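Peer 1: The structure follows.
The values are calculated or read from the model by the stated rules, or taken from the named source; none is laboratory data. Just so you know, these numbers come straight off a predicted model, no measurement behind them. Here the Cβ positions follow ideal geometry from the backbone for every residue, glycine too, while neighbour counts run over all protein chains shown. Remember, those area values only see protein heavy atoms, side chains included, never the ligands or the DNA or RNA. Shrake-Rupley method; radii C 1.70, N 1.55, O 1.52, S 1.80 Å.
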Amino acid sequence: SAQRMNVYVDGDLAYSWPISSARKGYYTPRGNYRPTALKRMHYSQKYDNSPMPHSIFFRGGFAIHGTGYVKQLGRPASHGCIRLHPSNAATLFSLIQRHGSGNTRIQIQS
């Protein structure tokens with residue numbers, strides 16, 4: 001409900017960014033995950049080939065990724081993925097590459 005992502009590196013808060021999660025009629029899964037795949041550029045097969053830059057998949061087709069709809073960040077707007085500003089998505093993607101998926105924990109709560 002806060003529509004923010006807090007990113008911790010070595011236990012310290014490094015970033016806090018506005019996000020968009022699922023809008024009414026859709027859902028973003030809650031729980032604890034690890035990244036399952038990283039794709040620098042992915043296109044959604046389910047939603048009209050929508051671009052999903054710097055995708056960090058964590059459960060099936062659900063991912064954290066950049067969006068062009070930056071004016072909607074901070075409120076629910078997605079089909080279930082977690083949307084970030086493109087530059088923040090690139091930063092997060094780089095952090096995960098540097099530290100490793102096995103050392104990355106994704107915790108989604110309401």
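Peer 1: Out of everything in segment 11-62 that is under 11 Å from the mean Cα position of the chain (by Cα) and among the small types (G, A, S), what residue ends up being farthest from P76 (Cα to Cα)?
Peer 2: In this case the residue turns out to be S55.
Peer 1: List the number of the failed condition for G25; all other conditions in (1) at negative phi; (2) not in a strand (DSSP E or B) hold.
Peer 2: That leaves (1) as the condition not met.
Peer 1: Of the residues that sit in segment 90-104 and are under 13 Å from F57 (Cβ atoms) and in contact with a Lys or Arg (Cβ under 9 Å, 6 or more places away or on another chain), which one is least open to solvent (accessible area, probe 1.4 Å)?
Peer 2: Going through the qualifying residues, I end up with F93.
Listed here are the residues, each with its yes/no results for (1) closer than 18 Å to Q97 by Cα; (2) touching a residue at least 60 places away in the same chain (Cβ under 8 Å).
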site: Y27; (1), (2): no, no
site: R30; (1), (2): no, yes
site: M52; (1), (2): yes, no
site: G66; (1), (2): yes, no
site: Y69; (1), (2): no, no
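Peer 1: Of all the residues that make up segment 42-59, how many are open to solvent by 60 Å² or more (accessible area, probe 1.4 Å) and closer than 12 Å to G80 by Cβ?
Peer 2: 3
Peer 1: Check segment 7-17 and report whether any residue there is surrounded by 12 or more Cβ atoms within 10 Å (Cβ to Cβ), in contact (Cβ under 8 Å) with a residue 60 or more places away in the chain, in contact with a Gly (Cβ under 8 Å, 6 or more places away or on another chain) and of a type in the set (A, V, I, L, M).
Peer 2: no
Peer 1: Here's something else I'd like to know. Check L84 against each of (1) open to solvent by 40 Å² or more (accessible area, probe 1.4 Å); (2) under 18 Å from R4 (Cβ atoms) and name the one condition it does not meet.
Peer 2: Only one criterion is unmet by L84, namely (1).
Peer 1: I've got another one for you. Looking at this structure, is G31 of a type in the set (G, A, S), at pLDDT 95 or above, open to solvent by less than 60 Å² (accessible area, probe 1.4 Å) and out of contact with any strand residue (DSSP E or B) (no Cβ under 8 Å at 6 or more places or on another chain)?
Peer 2: no
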